[in-house]
Amino acid sequence: MKKYRKRKILIAIIALLIIFRLFLPVIVKNYLNNVLAELPGYTGAVENVDIALIRGAYVIKGMHLSVMDAGTEIPFINLPETDISVEWKSLFKGSIVSEIIMNDPEIIYIMEDQEDTEGAVQEDWTKALTDIVPLDINHFEIHSGKISLVMLSADPNIDLTMEKVELTADNLSNVIAARGTLPSTFEINANTFGEGTLSMNGNLNLLKEVPDMDISFKLENSKVTALNDLTRHYGKLDFASGMFNIYGEMAIADSYLKGYVKPFIKNSELIDSEDGFLETVWEGFIGFFKFILKNQKTDSVAMKVQFEGDLSNVETGVWSTVGSIIKNAWIKAFVNNVDNSIEFQDAFQDRKDARKTEKPN
């Protein structure tokens, strides 16, 4: 009789586990949708979830996030497939952390949607990513990604897109104890508008509320004609030919940001307009770049945009503040290459100097 009772209990437990396994994807899907629903300023949903218990993973399919009350129905973020799993190699180092692999993700930044909600309460959308992952993220990959900057109110529409984005980031949770203050590394490569290429790399410390970082990047060999919709909208300027490069560095130390961006146009020719060539150059470059530096030997126009600011007391989110600082910092022109002049220590020292001057006498 006891054997029969034990067998019934065992069968019941197995049956419950099977039922739980069958309903687990639905349970996880509902949890994820609740997380997205509670994210201020955004709406989002998940279409499906697959569970892989053996490797300690689940795969989110069809996750999208849109700006609430936006003028368009285009999702801000579209993630067709996101694989979240335990990073097994870190278990041997005594850490239980996760790794994320995203396939074919898309970020479409509609400028009008963002401007329409400037006064609304919005939270950093990356919070949703961390909330749907039960463990700290240590390794992150993106494959065949797409990032677009779009302005629909321009005629024609402005669409600057980077495709085939490949990203790898390691040691984000500092599993491997590294010397120095920036233990994590990342690298990004992509194809950009105008058939150019983007490369970006750097070191990070994401364990701080405002991450410390030291980043450099290059966008090279892009056809400047790909910018015509943008330059025509802002500066009434049309390029017939030429190449467009961007070089830059950025560092954040103890919430203080410092960096520069250098757009560089080489061997360019402008399309003459009814107003005449010289007037087009004057109106276009003064309107769009604010400053002219013409190198007659290389037929190039370049400028250097420097930016810096304190991020310790921002109210609108770190990344939106960084974007605002860069957006409003078009100051002066210079030459074409990475200077290797921005270091983590620069931001750290300038942060100390800036805060000393803020102290009352």
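The values are calculated or read from the model by the stated rules, or taken from the named source; none is laboratory data. Just so you know, these numbers come straight off a predicted model, no measurement behind them. Here Cβ is always computed from backbone atoms with ideal geometry, including for glycine, and neighbour counts include all displayed protein chains.
Take the conditions more than 30 Å from Leu160 (Cα to Cα) and not in a strand (DSSP E or B) and apply them to Leu32. Does it pass?
yes
Checking the structure you have, find out if any residue of the range 44-65 is at pLDDT below 85, in the same structural domain as Leu167 (by TED's automatic domain parsing) and buried (at least 20 other Cβ atoms within 10 Å of the Cβ).
no
Does at least one position in the range 1-24 carry a residue that is of a type in the set (A, V, I, L, M), over 22 Å from the mean Cα position of the chain (by Cα) and within 20 Å of Val133 (Cβ to Cβ)?
Looking through the range 1-24, at least one residue is of a type in the set (A, V, I, L, M), over 22 Å from the mean Cα position of the chain (by Cα) and within 20 Å of Val133 (Cβ to Cβ).
Quick check on the range 68-78. Is at least one of its residues closer than 18 Å to His143 by Cα, polar (S, T, N, Q), out of contact with any helix residue (DSSP H, G or I) (no Cβ under 7 Å at 6 or more places or on another chain) and in contact (Cβ under 8 Å) with a residue 40 or more places away in the chain?
Among the residues of the range 68-78, not one is closer than 18 Å to His143 by Cα, polar (S, T, N, Q), out of contact with any helix residue (DSSP H, G or I) (no Cβ under 7 Å at 6 or more places or on another chain) and in contact (Cβ under 8 Å) with a residue 40 or more places away in the chain, which makes the answer no.
Report yes if Tyr234 is among the hydroxyl-bearing types (Ser, Thr, Tyr) and either part of a loop (DSSP other than H, G, I, E, B) or over 30 Å from Leu182 (Cα atoms) (or both), otherwise no.
yes
Looking at the structure I just gave you, is Phe76 at pLDDT below 90 and loosely packed, with under 13 Cβ neighbours inside 10 Å?
No; evaluated as a whole, the condition is false for this residue.
Ser222 fails exactly one of the following numbered conditions: (1) modelled with pLDDT of 90 or more; (2) out of contact with any helix residue (DSSP H, G or I) (no Cβ under 7 Å at 6 or more places or on another chain); (3) of a type outside the set (D, E, K, R); (4) crowded, with 17+ Cβ neighbours inside 10 Å. What is the number of that condition?
(2)
Of everything in the range 237-259, what is more than 24 Å from Ser153 (Cα to Cα), touching a Leu at 6+ places or on another chain (Cβ under 7 Å) and either in a loop (DSSP other than H, G, I, E, B) or among the acidic types (Asp, Glu) (or both)? Give them in sequence order.
Ser255
With respect to Ser241, determine if the residue is among the polar types (S, T, N, Q) and either surrounded by fewer than 18 Cβ atoms within 10 Å (Cβ to Cβ) or out of contact with any strand residue (DSSP E or B) (no Cβ under 6 Å at 6 or more places or on another chain) (or both).
yes
Check off (1) under 22 Å from the mean Cα position of the chain (by Cα); (2) part of a strand (DSSP E or B) for Ile51 and give me the number that stays unchecked.
Going through the list (1) under 22 Å from the mean Cα position of the chain (by Cα); (2) part of a strand (DSSP E or B), Ile51 breaks only (1).
Being modelled with pLDDT of 90 or more and either under 18 Å from the mean Cα position of the chain (by Cα) or crowded, with 17+ Cβ neighbours inside 10 Å (or both): is that true of Asp136 here?
It is false that Asp136 is modelled with pLDDT of 90 or more and either under 18 Å from the mean Cα position of the chain (by Cα) or crowded, with 17+ Cβ neighbours inside 10 Å (or both).
Consider the range 160-178. How many of its residues are crowded, with 20+ Cβ neighbours inside 10 Å, closer than 16 Å to Ser95 by Cα and either under 13 Å from the mean Cα position of the chain (by Cα) or without any contact (Cβ under 8 Å) to a residue 40 or more places away in the chain (or both)?
2
For Lys61, state whether it is part of a helix (DSSP H, G or I) and among the basic types (Lys, Arg).
So Lys61 fails the test.
Limited to the range 179-212, what total is found for residues that are touching a residue at least 60 places away in the same chain (Cβ under 8 Å) and either on the phi > 0 side of the Ramachandran plot or touching a Pro at 6+ places or on another chain (Cβ under 6 Å) (or both)?
Qualifying residue count, the range 179-212: 0.
Just to verify a result, which residue in the range 82-102, among those that are of a type outside the set (A, V, I, L, M, F, W, C) and surrounded by fewer than 16 Cβ atoms within 10 Å (Cβ to Cβ), is modelled with the highest pLDDT?
Looking at the filtered set, the residue picked out is Lys89.
Since Ile84 meets every condition but one in (1) in contact (Cβ under 8 Å) with a residue 40 or more places away in the chain; (2) assigned to a loop (DSSP other than H, G, I, E, B), which condition does it not meet?
The number of the failed condition is (2).
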